[in-house]
Amino acid sequence: MEDRFVYADNAATTKTSPEVLQAMLPYFGEGYGNPSSLHQKGREAKKAITEAREKIAMLLGDKPNEIYFTSCGSESDNWAIKGAAHAWSGRGKHIVSTKIEHHAVLHSLEALEKEGFEVTYLDVDGDGRVTPEQVAAAVRDDTILVECMFANNEVGTIEPIKELTAAVKAKNPKTLVFTDAVQAVGNIPVNVADLGVDMLALSGHKIHTPKGIGVLYIKTGVRILNLVDGGGQERGKRGGTENVAYIVGLAKALETAVGGLDENRRVAAMRDRLIDGILEKIPYARLNGPREGRLPGNVNISFEFIEGESLLLLLDMAGICASTGSACSSTSLEPSHVLVSIGVPVELAHGSLRLSISRDTTDEDVDYILEKLPPIVQRLRDMSPLYEEVKKNQK
Amino acid sequence: MYSEKVMDHFAHPRNVGEIEDANAVGEVGNAVCGDIMKMYMKINDDQVIEDVKFKTFGCGAAIATSSMATELIKGKTVDEALKLTNKAVVEALDGLPPQKIHCSVLAEEAVKAAIANYYDKKGIKHDLLKDCDGHCATCQKQH
């Protein structure tokens, strides 16, 4: 097979789609108005963001005035968690979350712990899942917030958010439920009315917009502190002149993603072909995360006797972009907290590979990965003193 | 993130493999930390390192520093090899990112571990083996 370029790191970020870019372009040019201005340029920009907001609300199953634009998923996470905690600290200081959250969530919670909040981090099972019963059991009278990600960015586990929300509300109707749905939106059906959550975070660049746009959905009647005090934008909760082009781009991206949810069946089929193909071709490999209830684009596999960063470098040389949970690829030199939390031994976390595909991925890309990966793993194993021992024991 | 030299030694590592009749073998690091280097040497009667090979489990920097360390000591005497510092390995590779400096330390230690093994066989006393320096976050040892 001829050399090609395969981008398989869509959980990190996606390529901006041509239709999103086209939708945005006018607002980098003649559509430069400030939506707060009364004149025609302002009205034009205002119309653009109003329509975008309505479209996004319709696609998420909420009301337009429940959509708050932010700059990214991390901002939405920070705002939801700190804004809710600070608004409701008079009623309680207990928060429930899980051990496998994104760092934007975990570090926000850690900041609150320093202020005196108490956080219960729930264990997950070997597939990375929490149960609604488990979450409800952790909820107390003074629990003001429950946060659980909708889908995990590393191992693709989809959490039972609807059932979890119902269980929390049954135990304590006053407890707010927030879900970080950054990896879920666009990949699986997400309808906030159906879910019953109070807040939901999403990010544009995971669904083919450029980086720099996110949303926090806040259900009507849910009070959290303002994030930015300013000129009254976003109903006074997040001031600052609106990022018109990106808001328009996000609406377009969400429309394409939600309209193309069927496309995710094709992506899931490619995912399964990758998982089956890799496990069949490469011995001493294990799938991390579940077989069922997994994001359509997520593959996470650990290879024994090798380390992930060197694997990524060799894949990169072969034109394949991927990711790893190895400590050696992080500046903290700590392995992925998600892999460790689902019970992957540290040695195997070092040897993990995440391939995250998207609707941009083709069958030829899958073939290419399945052709290139096995000899690369073998090359590193042939260099590894750990594999040497295995070979000797085989003889 | 890596220099061209590091990438070159990673992509085309020198002296990879084992030496069947090695008379000096040393291994440092552990799988939990994410890097293990094993070094094999053939040291002749004049205490010259005639041949050296390595096997490494680890990141790009771990492989590149192993490769460079073997290049720097091949054909040298044992005494010269013992003078190899991790700094010399880093310099020869045109630098390493800060969080990867420990890989060069490991390379220096692998050379010393192999020579320690040679000394042990010869009944020569030495003080070459250091305990883990606690460079990595996953090590279960207490430091």
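The values are calculated or read from the model by the stated rules, or taken from the named source; none is laboratory data. Model, not experiment: these values are computed from the prediction. Please note: Cβ atoms are built from the backbone with ideal geometry, for glycine as well, and neighbour counts cover all protein chains shown. These area figures cover heavy atoms from the full protein model, side chains too; ligands, DNA and RNA do not enter into them. Shrake-Rupley method; radii C 1.70, N 1.55, O 1.52, S 1.80 Å.
Structural remarks
- Calculated mean residue ellipticity, 222 nm, chain A: -12500 deg cm²/dmol, from DSSP H runs (n ≥ 4) at -39500 (n - 2.57) each, averaged per residue and rounded to 500.
- Charge dipole of region A:8-68 (Cα centre as origin; +1 on each Lys and Arg Cβ, -1 on each Asp and Glu Cβ, all else neutral): 220 debye, rounded to the nearest 20.
- Global form of chain A, assessed from the alpha-carbon gyration tensor, a/c cut-off 1.5: oblate
- Nearest 10 degrees, 0 to 90: helix A:308-317 Cα axis against chain A principal axis: 90 degrees
- Cα-centred dipole magnitude for region B:4-122, charges only on beta-carbon of K, R (+1) and D, E (-1), debye, nearest 20: 220 debye
- In the context of the full protein assembly, B:Tyr2 retains an accessible surface of approximately 40 Å², using a probe radius of 1.4 Å and ignoring ligands and nucleic acids.
- Most to least packed among A:32-41, A:301-310, A:214-223 [average Cβ atoms within 10 Å]: A:301-310, A:214-223, A:32-41
- Cross-link pairs exceeding 22 Å between alpha carbons, from the set A:Lys63/A:Lys211; B:Lys74/B:Lys100; A:Lys99/A:Lys372; A:Lys391/B:Lys38; A:Lys82/A:Lys114; A:Lys55/A:Lys174: A:Lys63/A:Lys211; B:Lys74/B:Lys100; A:Lys99/A:Lys372; A:Lys55/A:Lys174.
- Applying the Karplus relation 6.51 cos²θ - 1.76 cosθ + 1.60 with θ = phi - 60° to region A:253-260 yields 3J(HN,Hα) values of 5, 5, 4, 5, 5, 5, x, x Hz, where x marks Gly and Pro.
- Averaged over residues, the count of other Cβ atoms within 10 Å places the peptides A:201-209, B:111-119, A:289-297 in the sequence A:201-209, B:111-119, A:289-297, highest first.
- Reach of A:Lys281 by Cα under 12 Å, taken over aspartates and glutamates that are not fewer than 8 positions away in the same chain: A:Glu371
- Full-extension gain in nm, A:Glu133 to A:Arg91, via 0.36 nm per residue minus C-alpha separation: 12.8 nm
- Centroid-to-centroid, using Cα positions, region A:33-100 and region A:326-395 are 38 Å apart.
- Each residue of region B:67-76 was assigned a 3J(HN,Hα) from its phi angle through the Karplus expression (A = 6.51, B = -1.76, C = 1.60, θ = phi - 60°), giving 4, 5, 4, 5, 4, 6, 10, 5, x, 8 Hz with x at Gly and Pro.
- Averaged over the residues of A:248-256, the number of partner chain Cβ atoms lying within 10 Å of the residue Cβ comes to 0.
- Accessible-area rank, largest first, for A:Trp88, A:Trp79: A:Trp88, A:Trp79, with all protein chains present and a 1.4 angstrom probe.
- Cα pair count fraction exceeding 25 Å, expressed as % - region B:4-122: 14 percent
- Anisotropy class of region A:307-395 from Cα gyration tensor, a/c 1.5 cut: oblate
- Within region A:99-172, the percentage of alpha carbon pairs spaced more than 21 angstrom apart rounds to 26%.
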